[in-house]
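The values are calculated or read from the model by the stated rules, or taken from the named source; none is laboratory data. Note that the structure is predicted; figures quoted are calculated from it, not measured. Cβ coordinates were reconstructed from backbone atoms using ideal geometry, including for glycine residues, and neighbour counts include every protein chain displayed.
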Amino acid sequence: EHVAVVVFTTDVVAVAVAAYSDIFVVDVLATDPVLMDRSMRVFPTSTLASLGDKLAVYIKVFPRTVYNRMREREAVEMARVEGEREQARRDLEMVRELQHTGDTQILSEPVYEQSTQGIRIKIRDKAGRDTLLLVTAATKVQAVVENYCKLAQLPPNTRVRLEFDDEALDPNDTIGSTEIEDDDMLTAYCIEP
């Protein structure tokens, strides 16, 4: 609810907050409030004139506990976004490094099925060439094998067995049903017909 409080521009913000408190019979200043004018924090000792040449000033008053929770949520969101940026930067560096070696193939279109959560995996053949794939937890191992065969330009009837941690992967399993995580490496063993 918006309440209009009329004060002079030379008055400090605390006068406006006190007038606001009088309307609701609440001592807002006793709640250790945090005052905000748009995204700028305002202190009770600030004058209204210091907030700029405005006809009206809208100050939001938050109890300190509410303000602290808002700041914590903002910090968590900023950390999440920064983590995503850092991961994107590492991915770009890895792609550039792999492209620089000349024996890496990168899937230009990710293998997506139902989920939108991407899992980056690297498949290494016996010659040491890497193929980078982006899959989802719902992607079947068989779909990974098929895409790997296309990217590696293997003969049509070549059978490929993928292993993770020295254990063969079942082609009918999904990536999510295995212990494969982001940035893991699989080994491809090709058996020509």
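Of all the residues in the range 1-38, those that are modelled with pLDDT under 65 and in contact with a helix residue (DSSP H, G or I) (Cβ under 9 Å, 6 or more places away or on another chain) number 4. Checked against (1) outside any helix (DSSP H, G or I); (2) acidic (Asp, Glu); (3) at pLDDT 80 or above, Glu109 passes all but condition (3).
Inspection of the range 77-96 identifies at least one residue that is within 30 Å of Pro44 (Cβ to Cβ), surrounded by fewer than 17 Cβ atoms within 10 Å (Cβ to Cβ) and modelled with pLDDT of 85 or more.
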